[in-house]
Amino acid sequence: MRIDAVELVLVELPLVRPFRTSHGTELTKEAILVHLEGPDSHGWGECVADRAPLYSSEFNAATWTVLSELFVPRLLAAADVAASDVARLLSPFKGHRMAKAALEMAVLDAELTAAGRSFQEYLGGEGERVAPGVSVGITDTVDELVAVVAAYRAEGYGRVKLKIEPGFDLEPVRRVRAELGDDAMLQVDANAAYSRADAEHLARLDAFGLLLVEQPLDEEDLLGHVELARRLATPVCLDESILSADSARDAVALGACSVVNVKAGRVGGYLEAKAVHDTCVRLRVPVWCGGMLETGLGRAANLALATLPGFTLPGDISATNRYFHEDVTDPFVLEGGSIAVPRGPGLGVEVHRDALERFSTRRWRARR
């Protein structure tokens, strides 16, 4: 398709409750949305970068600059662009995978909308509903954590993920395991908060029958993860360390992980996310869909991705009310422990222009 115009919209959505990880505490979700217009269609994308470079080196202020000054002009200069062309067109620019993923998502949404095909159909997923898990942030007290987890379980979430950090790990996990019972699906996420010196301490998590421990060490410390995986009975899952299908293949081959978290923004887009999935299926390694507190746009795409056959573990695609009082799209609702996958063309969701206006803090537009 020909791209006639691209608009960037920075939105800030208040969170239902503060979300704390080992990186810090978020009170709002700030995201860059991409709106792409063509002669016969339009599409939306979402960048999953955060306000500050804490989860990754990408952050919104830098991403805005990269998109407006480099990436968008490059796409506008192209005669015709398909989603499969985006990675090649932007390949001269190193890194900035989250920014590239946002543009690819917008092109793919427009392309599929024009063709009358859904994200799920394009990716090759099946099924009408996804059973998600819920990610629970670090709380001020363990009693508060137990109460929050109990409330989410009562809502119907079948799997719970706890954020942990040094000083908030063994006792919180012990208490939550006791609350949930031995058969409940429970996992933890360290967001790279530990070091190799903590191996003996982390091995004590084995007592709690966890599904996995996610990204315990620094994203660049693959050999440290290899050593840790040998020490732990609990499966090690990598998140921040996985930047492509090739890095997933290498991490598995080294023995750094036996489970992979797939985040489309982190690997450069949904096409590469599918490649990560396909690689892990060939290696017989389970994958699951991670979350970045996405708006309804990213949530819709993640639900489609999570219907691929290799996603055998519940992902972090909670209902809208888990994070927001109001979203920029219709809410996603948890019913009977699952969420419906959008079936319409493209992402299958519509942006509420009134909400977009109220939540937007910055806008930029360029035409061919």
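Bear in mind these aren't lab numbers, they're just calculated from the coordinates by the rules spelled out. Computed from a prediction, not measured in an experiment: that's the story for all the values here. Glycine also receives a Cβ, built like all others from the backbone with ideal geometry; neighbour counts cover every protein chain displayed.
A compact table of results
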read-out	value
Summed residue charge, Cβ within 10 Å of residue 193's Cβ, Lys/Arg positive, Asp/Glu negative	-4
222 nm mean residue ellipticity, helices alone, for the chain (DSSP H n ≥ 4; -39,500 (n - 2.57); rounded to 500)	-10000 deg cm²/dmol
Simple spin-label estimate for residue 62 and residue 165 in nanometres, 7 Å along Cα-Cβ	2.1
Cβ-placed point charges (K, R +1; D, E -1), dipole of region 137-184 about Cα centre in debye, nearest 20	180
Percent of beta bridges antiparallel (DSSP, the chain, rounded to nearest 5)	60
Length released on extending from residue 227 to residue 27, taking residue separation times 0.36 nm less the Cα-Cα span	68.4 nm
Counted charge near residue 26, where neighbours are those whose Cβ lies closer than 9 Å (Asp, Glu -1; Lys, Arg +1)	+1
From phi via Karplus (6.51, -1.76, 1.60), per-residue ³J(HN,Hα) for region 19-31 in Hz, x at Gly/Pro	10, 10, 10, 5, 7, x, 10, 9, 9, 9, 9, 9, 9
Magnitude of the charge dipole, region 121-340, Cβ model with Lys/Arg +1 and Asp/Glu -1, debye to 20	540
Relative packing of peptides 21-29, 111-119 - highest average C-beta neighbours within 10 Å first	111-119, 21-29
Between region 76-116 and region 326-353, the Cα center-to-center distance that results, in Å	23
Net charge contributed by nearby residues that have their C-beta within less than 15 Å of residue 130 (K/R +1, D/E -1)	0
Partners for residue 163 among lysines (Cα-Cα distance below 30 Å; same-chain residues under 8 apart left out)	29, 100, 263, 274
Highest-first arrangement of 329-335, 135-141, 287-293, where packing means the average Cβ count within 10 Å	287-293, 135-141, 329-335
Peptides 73-82, 179-188 ordered by average Cβ neighbours within 10 Å, highest first	179-188, 73-82
Distance (nanometres) between label positions extended 7 Å along Cα→Cβ at residue 174 and residue 197	2.4
